[in-house]
Amino acid sequence: MVSAIAQSVHLSDVTYKWRPDLPPVLDISTFSVAPGERLFISGPSGSGKTTFLNLIGGVALPDTGEVTVLDSQLKGLSPAKRDAFRADHIGVIFQLFNLVPYLSLIENVLLPCRFSKRRHARAASEGGTPESEARRLLTYMGISESALDNRRVTDLSVGQQQRVAAARALIGAPELLIVDEPTTALDENSRQSFLEILFETVARNRQTLIFVSHDERMEALFDRHIVLSDINRAAQPEDIAG
């Protein structure tokens with residue numbers, strides 16, 4: 001089935017400043033991601049990658065220009081509607097995972113279903129109940145069945161915490177998945193295993209994936225690779241008149 005959405009993400013004439021008296025940290029003429037595309041974005045630390053993702057996710061709003069996600073212009077939505085839109089349609093794997101230490105593994109994964117009826121219904125249709133789908137995702141991610149009820153998030157290794165965070169982002173099959181520097185603390189084997197599981201799930205659900213990292217060794221695994229400074233005019237050196 002061909003998607004009716006022309007682009008999953010489109011930015012047009014977008015600028016963003018930390019403060020009005022500072023120069024832009026982002027200045028992007030145009031940027032698009034096709035439905036179902038696996039896009040890799042690289043750039044050194046401090047180059048604005050996380051800010052760029054915050055604009056796409058509606059966490060931040062541009063000072064000028066438009067950010068359109070799944071045919072919705074985010075700047076035109078109220079804060080409450082942006083939050084609801086993000087909960088319904090966008091899964092995020094954060095660099096620091098942002099797991100809730102006082103919740104169980106399954107409760108952490110189910111968080112998006114508490115804020116989105118749409119994802120709650122999708123999770124239920126996949127697993128019979130959202131809880132069953134959370135268990136399925138966690139075991140698919142390599143978390144043992146015995147750990148699901150008996151271990152706290154804080155008892156998990158970094159790699160296991162990352163897998164819980166990934167299951168949380170994937171539950172309810174949001175159309176867009178945003179991944180921010182998720183493999184920094186992983187060894188080579190753990191990184192490869194995580195990416196294989198992530199790609200298999202994204203392909204099965206026909207999700208759009210935007211994956212940000214400074215590690216350009218992974219670029220060959222994706223449909224397309226963009227260096228953020230190549231599209232961000234704020235990061236490009238000014239021409240010097242000779």
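Annotations
- One residue from R135, R152, R119 being more than 29 Å from Q7 (Cβ to Cβ), modelled with pLDDT of 80 or more, touching a Pro at 6+ places or on another chain (Cβ under 8 Å) and of a type outside the set (S, T, N, Q): R152
- Selection count, segment 177-195, where residues are touching a strand residue (DSSP E or B) at 6+ places or on another chain (Cβ under 7 Å) and either modelled with pLDDT of 75 or more or farther than 22 Å from V69 by Cβ (or both): 5
- Inter-residue pairs, beta-carbon under 8 Å, first in contact (Cβ under 8 Å) with a residue 12 or more places away in the chain and farther than 18 Å from L137 by Cα and in segment 197-212, second among the charged types (D, E, K, R) and part of a helix (DSSP H, G or I), 6+ apart: V212/K49
- Test for L22: is it more than 17 Å from the chain's Cα centre (by Cα) and assigned to a loop (DSSP other than H, G, I, E, B): yes
Every residue, every condition in (1) touching a strand residue (DSSP E or B) at 6+ places or on another chain (Cβ under 6 Å); (2) over 25 Å from F115 (Cα atoms); (3) assigned to a strand (DSSP E or B); (4) without any contact (Cβ under 8 Å) to a residue 60 or more places away in the chain, yes or no:
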{"site": "Q7", "(1), (2), (3), (4)": "yes, yes, no, no"}
{"site": "H10", "(1), (2), (3), (4)": "yes, yes, yes, yes"}
{"site": "D13", "(1), (2), (3), (4)": "yes, yes, yes, yes"}
{"site": "F40", "(1), (2), (3), (4)": "yes, yes, yes, no"}
{"site": "G46", "(1), (2), (3), (4)": "no, yes, no, yes"}
{"site": "L55", "(1), (2), (3), (4)": "yes, no, no, yes"}
{"site": "T68", "(1), (2), (3), (4)": "yes, no, yes, no"}
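- Residue check for S45: of a type in the set (S, T, N, Q) and either crowded, with 21+ Cβ neighbours inside 10 Å or more than 20 Å from S229 (Cα to Cα) (or both): no
- Only one entry in S104, S132, S116, S125 is closer than 20 Å to R86 by Cβ and in contact with an Asp or Glu (Cβ under 9 Å, 6 or more places away or on another chain), namely S116.
- Residue match in segment 196-209 (condition: of a type outside the set (D, E, K, R), out of contact with any strand residue (DSSP E or B) (no Cβ under 6 Å at 6 or more places or on another chain), at pLDDT 90 or above and at positive phi): no
- Those helices (runs of 4 or more DSSP H) of segment 129-242 in which at least 1 residues are within 30 Å of H10 (Cα to Cα) and polar (S, T, N, Q), considering only elements entirely within it, cover 158-170, 188-205, 228-231.
- Residue match in segment 97-105 (condition: buried (at least 16 other Cβ atoms within 10 Å of the Cβ), over 30 Å from Q7 (Cβ atoms) and of a type in the set (G, A, S)): yes
- Of everything listed in (1) buried (at least 20 other Cβ atoms within 10 Å of the Cβ); (2) modelled with pLDDT of 95 or more, the single unmet condition for S32 is (1).
The values are calculated or read from the model by the stated rules, or taken from the named source; none is laboratory data. Computed from a prediction, not measured in an experiment: that's the story for all the values here. With ideal geometry, Cβ positions are generated from the backbone for all residues, glycine too; neighbour counts draw on all protein chains shown.
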